[in-house]
Amino acid sequence: QVHLVESGGGLVQAGGSLRLSCTASGFDLSRYAMAWYRQASGNERELVALISSGGGTNYAASVKGRFTISRENAANTVYLQMNDLKPEDTAVYYCNSMINNNDYWGQGTQVTVSS
């Protein structure tokens, strides 16, 4: 059974850093693209960063240069390093993978950036 568990969220001041982790079970995440999404209160869920099975990455324009997505295949884990955080980064962050045309989501982790 596919399961994604996020961790690492919290409260941080503007300009600070956090690293989110998403540990997968039930599948080998090295074989699939993995993504981080976020949803701020009252907003739609948006794509933040994606890493392909081959290691290629894409980022939303709003986070490019500040966030880095990476994967540690031996740990079956994907990370999101977030630097120079801004209040507008405040949201619930979700890990995602699409496997055989099915979307899988973690439970989300809250990131709050104070000004």
Solvent-accessible area per residue, Å², over the range 1-48 with all protein chains present [probe radius 1.4 Å]: 56 Å²
Listed residues Leu18, Gly42, His3: farthest to the positive end of the dipole of the chain (Cβ charges): Leu18
Gain on full stretching of the segment that runs from Glu46 to Met98 - 0.36 nm per residue minus C-alpha separation: 17.2 nm
Tail beyond 20 Å, pair distance distribution of the range 47-115 (Cα, percent): 31 percent
For the chain, with +1 on Lys and Arg beta carbons and -1 on Asp and Glu, the positive-most of Gly65, Ser115, Asn96 along the dipole: Gly65
Contact order normalised by residue count of the chain, Cα under 8 Å, 6+ apart, percent: 36 percent
Charge dipole (debye, nearest 20) of the chain; +1 at Cβ of Lys and Arg, -1 at Cβ of Asp and Glu: 160 debye
Relative contact order (%) - the range 8-50, alpha-carbon pairs under 8 angstrom, separation at least six: 25 percent
For the range 7-46: span of alpha carbons on each principal axis (Å, largest first): 35, 23, 14
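The values are calculated or read from the model by the stated rules, or taken from the named source; none is laboratory data. Everything quoted here is computed from the prediction, not taken from an experiment. Neighbour counts are summed over all protein chains in view; Cβ atoms, including those assigned to glycine, are modelled from backbone coordinates with ideal geometry. Heavy atoms of the whole protein, side chains included, go into the accessibility calculation; ligands, DNA and RNA do not. Shrake-Rupley method; radii C 1.70, N 1.55, O 1.52, S 1.80 Å.
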